[in-house]
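The values are calculated or read from the model by the stated rules, or taken from the named source; none is laboratory data. Everything numeric here is computed off the predicted structure, so don't read it as measured data. Here Cβ is always computed from backbone atoms with ideal geometry, including for glycine, and neighbour counts include all displayed protein chains. With ligands, DNA and RNA removed, areas are computed over all heavy atoms of the protein, side chains included. Shrake-Rupley method; radii C 1.70, N 1.55, O 1.52, S 1.80 Å.
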Amino acid sequence: MAETKNIRELVDVIRSKNAGPYEITFDFIFKSFDIYEKVKASKVINERLIAELYDIAIEDVISVINYDQAKAIKATIVRPRSSGAVGETDVYGAQQHAPLLSIEVPWERSKYEED
Amino acid sequence: MKELRVLSPTAILGYGFPKESFARGLDKDPDLIAVDAGSTDPGPYYLGAGVSFTDRAAVKRDLKLMINAGQDREIPVILGTAGGAGGAPHLEWCVEIVKEIANEDNLNFKLATIQAEQDKEFILNKFNQGDISHLPSVGEINEEELKASTRIVAQMGVEPIIKALDMGAEVIVAGRAYDPTVFASLCIKEGYPAGLALHMGKIMECASIAANPGSGSDCMFGTLRDDHFLLEPLNPERKCTTTSVAAHTLYEKANPLQLHGPGGIIDLTGTEFEQYDERVVKVSGSKFIESDEYTIKLEGAKKVGYRTISIAGTRDPIMIKELDHVIEVVKETVRDNFDELDEADYELLFRIYGRDGVMGDLEPELEVLSNEVGITIEVVAKTQELANTICSFARSTMLHYGYPGRVATAGNLAFPYSPSDLKAGEVYEFNLYHLLTVDDPCEVFSVEITDYR
């Protein structure tokens, strides 16, 4: 069976935030460049996964972007409603990240890696 | 070496900064003190209602230190998105504070104000000429929606601020401005590359948030040279690291490599971040790509009604199990009781904290795992009186409804407050976040100079 690691073991930061009043953007900033490269190569964080985690149409996932300089991956979705519109639950969009904490990343353990 | 030195005291005017950090910045002989005073983040209310989300006393405290320092050193002080949203009442509010400071401290200076609020008829004309386009996540605008806007502002680029500097302004209070411009305008006027100037401004508008540990209430110092810029947090407890600065570039942006702004794109694909010394980061390679057409972002908000809310909770497991049913019955009972009202007259919403109160439509996990839930009953109606009426009726109905299996017959809700219903006033929504194409970057921003002698 392929081994996995929970995303929480791999990141310094997972956060959500408005990117303007019509989008919410998610940031994953990894603990090291090695970890980042491994997650990036696994392609596990992609449009389909984000759509599944939030139960939204894949068309509403605007982009998933790798940002090498910051060892970060960024995903952006269309807001369910513009920030502060009637029915709003999170004006700043800063508490929409929790479903991302369950992501499991395929992780081939190297021989010399300790438990 | 030719360089331009910029002091950014705080991430938002009114968020404050330590005087020690500010003094350290002044010792470094800045050519400019600039600050971003607003954001769309706090939501549409502030733009629509024409009020600031920042506190007057806190804004005055920050501005007093900045303007006095600018006058002492004969360097410009520039603030953008005055009053938090950058419309006409916001600008007026901020200028009033500046005047107060000038009077109290006996200061004489040339003050420039730059209006960013737009005339609705003018914008309608632009729309009819085909000069307004939409962003992918926002959707198209129509005439009816434009007419419904309570207030429209436009995000200025560097040009109107440069114009004010050319007119000899010493203190500039600008309406809605693209965040980096208050830092970049003097740099671009002095001939520095726009890509570096704007990228430096993009980071400095958040002051020390790009440092480690980060803070929005502490000062940052930027030094711009011909082919790079340096960033140094002014509190010795903080450092800029290549990762803290690069990571900040991600913040609140969909695409960190191409930042769209007035007149073009800041392109960061060739940007390099280097550790210059232990606390300073050097940034190079950022470019500005001019667009064929000069576009400006418009922001508008419209009034949608008045809000009344009631906050309550329940600890009863049978009630929690029946909650969806209870809400349905309350909604029906309200509809029946006020059947002369139209559906468009009010909206009745229930938010269940402990279930999906935080994530709403985006919540994938709808099972309640806790012993209690928080409930807000919210009504948005065409008048405050109607919002009060519907909220009151929904609250009393929910309190006493005999749901299936009920054993606790004294009341279904726990209210923390008396009165239980809170009037929240006017409700606004963003209804415009579109691009306006202009021939002249200064076309929709009027600069006015007042001499304080």
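With every protein chain left in place, what is the accessible area per residue of the range B:41-186 in square angstrom, probe 1.4 Å?
37 Å²
Can you pull a Stokes-Einstein diffusion coefficient for chain B at 4 °C (1.567 mPa s), Rh from Kirkwood over Cα pairs, as a whole number of µm²/s?
Answer from the Stokes-Einstein relation: 53 µm²/s.
Quick one: plug the Kirkwood hydrodynamic radius of the range B:270-396 (C-alpha pairs) into Stokes-Einstein at 37 °C, 0.692 mPa s, and report D in µm²/s.
Estimated diffusion coefficient is 173 µm²/s.
Mind checking the log10 I(q)/I(0) for the range B:87-191 at q = 0.11, 0.19 Å⁻¹? Debye, one equal scatterer per Cα, no solvent, two decimals.
Listed by q, the Debye log ratios stand at -0.46, -1.03.
Convert each backbone phi in the range B:352-363 into a coupling constant with the Karplus relation 6.51 cos²θ - 1.76 cosθ + 1.60 (shift: θ = phi - 60°), then list the ³J(HN,Hα) values in order as whole Hz, x for Gly and Pro.
Once θ is set to phi - 60°, the couplings for the range B:352-363 become 10, 7, x, 10, 9, x, 8, 9, x, 4, 8, 6 Hz.
For the range B:3-58 and the range B:146-212, what is the centre-to-centre distance using only Cα atoms, to the nearest Å?
13 Å
May I ask you to list the lysines whose Cα is less than 28 Å away from that of B:Lys110, ignoring any residue fewer than eight positions away on the same chain?
B:Lys2, B:Lys19, B:Lys28, B:Lys60, B:Lys64, B:Lys99, B:Lys163, B:Lys189, B:Lys202
Name the residues of the range A:62-76 whose accessible area falls by at least 40 Å² when all protein chains are present instead of the chain alone, probe 1.4 Å?
Going by heavy-atom accessible area, the residues of the range A:62-76 that drop by at least 40 Å² are A:Ile65, A:Tyr67, A:Gln69, A:Lys74.
Could you tell me the total accessible area buried at the A-B interface, probe 1.4 Å, in square angstrom to the nearest hundred?
3500 Å²
Normalized C-alpha radius of gyration of the range B:203-359, against 2.2 N^0.38 Å?
Rounded to two decimals, the normalised Rg is 1.71.
What number comes out for the charge environment of B:Pro233, summing +1 per Lys or Arg and -1 per Asp or Glu over other residues with Cβ under 14 Å away?
With Lys, Arg at +1 and Asp, Glu at -1, the net is -1.
Any number yet on Rg/Rh for the protein assembly as shown, C-alpha, Kirkwood?
1.00
Going out from 0 in 5 Å bins, what whole percent of all Cα-Cα distances in the range B:365-453 drops into each bin?
2, 8, 12, 12, 12, 10, 8, 6, 5, 6, 6, 5, 3, 2, 1, 0
Which value results when the Cα radius of gyration for the range B:18-105 is divided by 2.2 N^0.38 Å?
Values: Rg = 13.7 Å, N = 88, 2.2 N^0.38 = 12.1 Å.
Rounded to two decimals, the normalised Rg is 1.14.
Less than 11 Å Cβ to Cβ from B:Glu365, Lys/Arg counted +1 and Asp/Glu -1: what total charge do the surrounding residues give?
-3
Divide, for the range A:4-106, the radius of gyration over alpha carbons by 2.2 N^0.38 Å, where N is the residue count.
Numbers: Rg = 13.5 Å, N = 103, 2.2 N^0.38 = 12.8 Å.
Normalised by 2.2 N^0.38 Å, the Cα Rg of the range A:4-106 equals 1.05.
Ignoring ligands, DNA and RNA, what percent of the accessible area of the range B:316-413 is carbon or sulfur (1.4 Å)?
Here it works out to 48 percent.
Translational D (Stokes-Einstein, µm²/s) of the range B:1-160 at 4 °C and 1.567 mPa s when Rh comes from the Kirkwood sum over C-alpha pairs?
74 µm²/s
Once label points are set 7 Å from the Cα along Cα→Cβ at both B:Lys120 and B:Glu190, what is their separation, rounded to one decimal in nm?
Between B:Lys120 and B:Glu190, the label points sit 4.4 nm apart.
Pop out the carbon and sulfur fraction of the accessible area of the range A:4-106 as a percent, whole number, probe 1.4 Å.
Numbers: 2030 of 4120 Å².
Looking at the range A:4-106 in its full context, I get 49 percent from C and S.
May I ask you to find the residues of the range B:409-439 that are shielded by at least 50 Å² of accessible area once the whole protein assembly is considered instead of their isolated chain (probe 1.4 Å)?
The answer is B:Glu429, B:Phe430, B:Tyr433.
Could you do me a favour and compute the accessible area per residue for the range B:316-413, 1.4 Å probe, result in Å²?
Per-residue accessible area for the range B:316-413 comes out at 52 Å².
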